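In what follows, a single structure is set out as structure tokens and then discussed.
Just so it is clear, none of the values below were taken in a lab; they were calculated from the coordinates. Bear in mind the structure is a predicted one, so any value in this text is a computation, not a measurement. Positions of Cβ are backbone-derived with ideal geometry, glycine not excepted, and every protein chain shown enters the neighbour counts.
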Amino acid sequence: MSGSIPVNPNILKWARETVGLSVDDVVKKMKRKGVTAETVLSWENGEDSPPYIQLERIAYEIYKRPLALFFFPEPPQEETPEQSFRTLPEQAIERLPARIRFLIRKARVMQLNLAELYDNANPATRHVVRDLSFAPGVAAGEMAATVRDYLGINLTRQSQWPSSEEALNVWRDALEEHGVFVFKDAFRVETFSGFCLYDEQFPIIYVNNSKSKNRQIFTLFHELAHLLFRTGGIDTQHDDYLDYLEGDSRQIEILCNRFTGEFLVPDRDFEHEIRGIAINDESIQGLADRYHVSREVILRKLLDRKLVEQVFYDERVRDWTQSARKDAGTGGNYHRTVGAYLGKRYLETTFSQYFQNRISVEQLADYLGVKVKNVPALENLLLSRGTRA
């Protein structure tokens, strides 16, 4: 597909303007002979269309938008970050890095994709965000017990999973089975672990795949808590913004952390496990392995019980953070990474539409956010069920 293809010129212009680029900026970034300001304007005026290979470059590299967006009938009505994350203060939203803002836009397009793929109706027979709701004054323990009972995974089963990777996969499957779609990406911003976007039909959680499996598990349930309060949320390392919150917004942000800690590490069981043990690095690691949470979660619960000093807590968290930076891997298999980011359920849905001739291979590639040449490898990955990471 090397020739020009009909795209929506209004979306071309909208995408350029929303990313803050001038026509001349686009020409400079294209770095392609024959592409002038007049060329770009002709695309935006509907007088001509960019060749497919150039459209891919414009979409993925310059405007940082999924290719499918440029074929929409009209520009999507995007919520502002202030609207999506109503419990966050203005100061926190202003500090959102460009990479996080891009991922939020990407997540919104995924919601549109899901609406198209599922004819605007969530396929889950039991939808946790629809079926459960909580007031900001709910007790964290009560909320955690209700959600655990709804998902049908008890603590005994949780403690028997052989690894944190297995735990993450099971929790992700459980949320998707109950109507919450989970996607991953490399955030490239160390202080952000994930975020969620609320939607009545298609709530989404985005997880930073660069974080440890245990940290990703924490993010899943921190964001689930936000969704259960019918709001978007962001899981960030810094919570100094709490000083700027008041009322229900402050209560919700505090409760999301408390709920997650209580859900993954129930107080009653934790009290039993720590009875009579020596608190040291080995016992902290053992408790983290039992619940499949980070050592920091365990240490925080010990600090809250005054079983460790603040200095000890700060030192250990600092050491673990530095160690995690050194151990962070790079690279990997591209197709397995894409599969892990999208998840098996989303891959199955998109390929099912393709196998039934409801969408073309080009449309399939758009839904997957890849080039057409990468589709066969992702098909093989799906058939081999190798989408875990």
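Classified by the C-alpha gyration tensor, the stretch 118-252 has a rounded form. Its axis ratio a/c, with a ≥ b ≥ c, is below 1.5.
Each of I359, I298 has some number of other Cβ atoms within 10 Å of its Cβ, and from fewest to most they run I359, I298. Among the listed pairs K106/K184; K184/K213; K106/K213; K64/K106, those with a Cα-Cα distance over 18 Å are K106/K213. Couplings for the stretch 158-170, taken from phi via the Karplus curve 6.51 cos²θ - 1.76 cosθ + 1.60 with θ = phi - 60°, read 4, 6, 8, 5, x, 7, 5, 5, 5, 4, 4, 5, 5 Hz in order; Gly and Pro are left as x. Which shape class applies to the stretch 1-152: rounded if a/c is under 1.5, otherwise prolate when a/b exceeds b/c and oblate if not, where a ≥ b ≥ c are the square roots of the Cα gyration tensor eigenvalues? Since a/c reaches 1.5 and a/b is larger than b/c, the shape of the stretch 1-152 is classed as prolate.
Which loop-located GluC sites (Glu not before Pro) does the stretch 162-254 contain, where loop means any DSSP state but H, G, I, E or B and the Cβ has at most 12 other Cβ atoms within 10 Å?
Answer by residue number: E200, E246.
Amide H to amide H, with H built 1.01 Å from N, T236 comes under 5 Å of S193, counting only residues 5 or more places away or on other chains. Select one label from [x] 154; [y] 141; [z] 261: the one whose number is volume of the Cα convex hull per residue in Å³ as derived from the coordinates shown. Only one option fits the structure, namely [x].
In a shell of Cβ-Cβ distance under 11 Å around S159, excluding S159 itself, what net charge do Lys and Arg (+1) and Asp and Glu (-1) give?
Summing Lys and Arg as +1 and Asp and Glu as -1 gives -1.
Counting neighbouring beta carbons within 10 Å and listing from fewest to most, the residues L117, L287 come out as L117, L287. Backbone geometry of the stretch 299-313 corresponds, through the Karplus equation with coefficients 6.51, -1.76 and 1.60 at θ = phi - 60°, to 3J(HN,Hα) couplings of 5, 4, 5, 5, 5, 4, 8, 6, 8, 9, 8, 4, 4, 4, 4 Hz, x marking Gly and Pro. The trypsin sites (Lys or Arg not before Pro) of the stretch 155-211 that DSSP puts in a loop, and whose beta carbon has at most 14 other beta carbons within 10 Å, are R188. Under the convention that each Lys and Arg Cβ holds +1 and each Asp and Glu Cβ holds -1, the size of the dipole of the stretch 46-158 around its Cα centre is about 540 debye.
Please give the net charge around A377, taking every other residue with its beta carbon less than 13 angstrom from that of A377, where Lys and Arg add +1 and Asp and Glu add -1.
Around A377, the surrounding residues sum to +2.
Each residue of the stretch 364-380 was assigned a 3J(HN,Hα) from its phi angle through the Karplus expression (A = 6.51, B = -1.76, C = 1.60, θ = phi - 60°), giving 4, 4, 5, 4, 7, x, 10, 7, 4, 5, 8, 4, x, 5, 5, 5, 4 Hz with x at Gly and Pro. Ranking L96, Y150, F71 by how far each Cα lies toward the positive end of the dipole of the chain (charges on Cβ) leaves F71 at the top. Summing Cβ point charges (Lys, Arg +1; Asp, Glu -1) relative to the Cα centre of the chain gives a dipole of roughly 1160 debye. For V109, neighbours were defined as the other residues whose beta-carbon sits under 12 Å from its Cβ, and their charges (Lys and Arg +1, Asp and Glu -1) total +2.
Loop-located trypsin sites (Lys or Arg not before Pro) in the stretch 251-317 (DSSP state not H, G, I, E or B) with no more than 15 neighbouring Cβ atoms inside 10 Å: R275, R305, K306. Arranged from fewest to most other beta-carbon atoms within 10 Å of their beta carbon, E47, E56 become E47, E56.
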